[in-house]
Amino acid sequence: MSTAHALIIDDNAQNLEVLGRLLTVNGVSHTDLRDPNCLETVLVHESHIDVVFLDIEMPKRNGYEVLGLLRQYYGKGLRIVACTVHTDEISTARDIGFNGFLAKPLNPHLFAGQLTQILDGTPVWDAS
């Protein structure tokens, strides 16, 4: 997994830190973005993104809006995983085009396996 790169989009600094640590421990580099209004700037400078972990509830642009922008820029080939405390959003996330769903708080004991599946192209839908 050492060549994989993730983009984490979450307005909460603690969530960015936790997910960033989990990715680093599993050999995945990452770019963190707290303000989804800066997404276009990040996309211009990031030439390689394997997976996006995207919070759904953010104050300026919600995750569904950001998903739409990412799909316009990258198409359906980019793996985009919703990460949220709102587990009732799992059906909507699936219907709108996310490639997976991880409930917050993330389970560090399950994350390595989930990450492997996601990077291999297997959707992970975990609302627990």
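Within region 39-53, how many residues turn out to be over 8 Å from L7 (Cβ atoms), crowded, with 16+ Cβ neighbours inside 10 Å and at pLDDT 85 or above?
Residues flagged as over 8 Å from L7 (Cβ atoms), crowded, with 16+ Cβ neighbours inside 10 Å and at pLDDT 85 or above within region 39-53 amount to 2.
Being closer than 16 Å to D10 by Cα and either among the charged types (D, E, K, R) or surrounded by fewer than 13 Cβ atoms within 10 Å (Cβ to Cβ) (or both) is the filter here, so list the residues in region 90-115 that pass it.
K104, P105
Got a sec? Which of G20, G75 is out of contact with any helix residue (DSSP H, G or I) (no Cβ under 8 Å at 6 or more places or on another chain) and surrounded by 14 or more Cβ atoms within 10 Å (Cβ to Cβ)?
Going through G20, G75 in turn, the sole match is G20.
Yes or no: V85 buried (at least 20 other Cβ atoms within 10 Å of the Cβ) and either closer than 20 Å to N107 by Cα or in contact (Cβ under 8 Å) with a residue 24 or more places away in the chain (or both)?
It is false that V85 is buried (at least 20 other Cβ atoms within 10 Å of the Cβ) and either closer than 20 Å to N107 by Cα or in contact (Cβ under 8 Å) with a residue 24 or more places away in the chain (or both).
The values are calculated or read from the model by the stated rules, or taken from the named source; none is laboratory data. The structure displayed is predicted, hence computed values, not measured ones. Using ideal geometry, Cβ is built from the backbone for each residue, glycine included, and neighbour counts are taken over all protein chains shown.
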